[in-house]
1. Between a residue in the stretch 38-49 that is in a loop (DSSP other than H, G, I, E, B) and any residue that is surrounded by 11 or more Cβ atoms within 10 Å (Cβ to Cβ) and acidic (D, E), which pairs come within a Cβ distance under 6 Å, given they are 6 or more apart or on different chains?
2. Six or more apart or on different chains, Cβ atoms under 9 Å: show the pairs whose first residue is in the stretch 16-33 and small (G, A, S) and whose second is not in a strand (DSSP E or B).
3. Of everything in the stretch 16-50, what is open to solvent by 100 Å² or more (accessible area, probe 1.4 Å), out of contact with any Gly (no Cβ under 9 Å at 6 or more places or on another chain) and of a type in the set (A, V, I, L, M, F, W, C)? Give them in sequence order.
4. With G13, G50, G30 as the choices, which residue is on the phi > 0 side of the Ramachandran plot, at pLDDT 95 or above and out of contact with any strand residue (DSSP E or B) (no Cβ under 7 Å at 6 or more places or on another chain)?
Amino acid sequence: MVAATIHFTGRHGDASMSMDGVDVLRIENGKITEMWLFSTDPATEDAFWG
């Protein structure tokens with residue numbers, strides 16, 4: 001398991017988003033086999049992506 005703190009941005013039409021998060025990855029045999037993405041404000045991110 002690997003955890004990485006991230007900062008991500010997105011644009012969708014005239015709207016933009018910028019927030020922090022954490023990505024958790026399970027790695028087997030040198031390959032990512034599962035991934036979980038967590039943002040600091042899931043409700044805002046969900047609303048942004050629709």
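1. T40/D20
2. S16/F48; G21/T40; G21/E45
3. Once the filter is applied, which keeps residues that are open to solvent by 100 Å² or more (accessible area, probe 1.4 Å), out of contact with any Gly (no Cβ under 9 Å at 6 or more places or on another chain) and of a type in the set (A, V, I, L, M, F, W, C), the stretch 16-50 yields I32, M35.
4. G30
The values are calculated or read from the model by the stated rules, or taken from the named source; none is laboratory data. These numbers were taken from a predicted model, which means no experiment stands behind them. Counting neighbours? That spans all protein chains shown, and the Cβs are built from the backbone with ideal geometry, glycine included. Just so you know, the surface numbers come from the protein's heavy atoms only, side chains and all, with ligands and any DNA or RNA stripped out. Shrake-Rupley method; radii C 1.70, N 1.55, O 1.52, S 1.80 Å.
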